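All of the numbers you see were taken from the coordinates with simple rules; none came from a lab. Quantities reported herein were computed from a predicted structural model and do not represent experimental measurements. Because the Cβ atoms are built from the backbone with ideal geometry, glycine has one as well, and the counts that use them run over all protein chains shown.
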Amino acid sequence: MKELTIIVPSWNTRELLRACLVSCEPLALAGAEVIVVDDASADGSAAAARCAAPWATVLEQDQCAGFSAAVNRGWRSATGSFVLLLNADAQLLDGCAEQLLAYLEENGDCAAAAPRHLNPDGSTQLGVMAFPRLKTAFCFATPWERWRPRGRELRRYFLADWDHNDARDVEQPPASALLLRRAAVDGEELLDASMELFFSDVDLSRRLHQNGWRLHYLAEAQVIHERGASTSQRRDFVARWHGDRLTYYRKHFGSAAGVFVKACTAWAALDEIARRLGARLLRKLPTAPGKPGWGNPGGRSPSGRSPSGRCAEQIPPAFAVAAPPADTPGGAAHSASEKTVPGHEHHDPHEPIEPLLGDLYTFLRS
């Protein structure tokens with residue numbers, strides 16, 4: 001296993017990080033290198049990692065620089081010819097890393113292999129997606145999604161006709177657990193750190209495809225993944241999602257695409273403002289926080305599912321910044337692989353509108 005390096009980026013993930021490292025221990029004892037990159041956590045994650053995994057290298061960031069920067073620091077320190085990116089909210093199941101490694105060793109034209117992601121209850125997460133197009137920005141996270149939740153573009157983007165239960169080549173697998181062939185990546189940096197939290201893994205997948213490499217989803221290899229447990233701790237993560245998406249579109253589609261994405265985001269934000277104001281006026285709701293809330297914009301049901309059948313955590317809200325819900329689990333690596341924004345399956349009309357306007361203004365000026 002000396003050819004394998006495991007990089008675990010972590011931000012305020014102490015308990016989940018411990019569980020993740022426990023799942024890595026058999027590989028470490030077999031010779032794999034394990035690198036934990038703590039992104040200036042405030043919960044003692046780095047000390048807990050050193051205590052739970054004395055065989056791991058723990059690197060500490062001086063300040064929180066985001067998922068992409070943390071992964072890049074681990075990438076620069078890695079010595080293995082194969083590198084497994086593993087979120088702190090993920091746990092390797094028996095044989096997972098070995099199966100991924102065997103596949104890449106047997107398939108020299110494949111740059112990366114991803115396992116099936118399971119929810120803690122054992123159900124399969126639908127996290128593999130197609131590449132976003134210009135049309136995607138119009139159809140996703142805008143009022144259009146509410147009007148046409150089962151539209152052709154959304155079904156294409158979310159691979160709605162595939163259950164993730166069989167192996168196949170894919171366009172963009174989640175980086176929450178992803179084995180990479182080091183020789184397939186040019187340069188010293190793995191991820192584009194201008195996309196701090198989201199879309200840097202989409203950018204990586206696109207670059208690998210453009211260079212002629214395959215990316216493979218191996219359904220028989222499995223990890224347990226508690227999706228979004230760290231990103232939901234960031235009060236700015238919705239704004240960060242929109243900002244990183246804008247950077248991605250500018251990079252791959254040009255400056256004109258950036259203008260188009262801004263227009264789509266402004267449309268979504270103004271729609272959100274109108275819906276909040278309309279709910280207050282029609283129902284004469286008080287503006288004090290903490291009152292029973294009206295919710296489920298975008299056609300989401302109380303069960304957390306949208307009309308398109310996707311989990312609510314797979315649907316980013318309109319441009320808004322809100323605190324995560326009180327029952328959000330603490331800890332888990334803040335990951336670019338969280339292409340979706342969890343924890344905001346509805347917006348309470350009691351939330352103030354002024355911060356949303358401020359964030360929209362900042363976004364449009366970027």
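Worth pointing out:
- For Phe138, Phe131, order by how many other beta-carbon atoms lie within 10 Å, fewest first: Phe131, Phe138
- Length gained when the stretch Asn211-Asn107 is fully extended (0.36 nm per residue, less Cα-Cα span): 35.8 nm
- Relative contact order for the range 130-285, counting Cα pairs under 8 Å that sit 6 or more residues apart, in percent: 28 percent
- Whole-number percent relative contact order across the range 23-154, with pairs defined as alpha carbons under 8 Å at least 6 apart: 16 percent
- If you take all other residues with their beta carbon under 15 Å from the beta carbon of Gly74, and give Lys and Arg +1 and Asp and Glu -1, the sum is -4.
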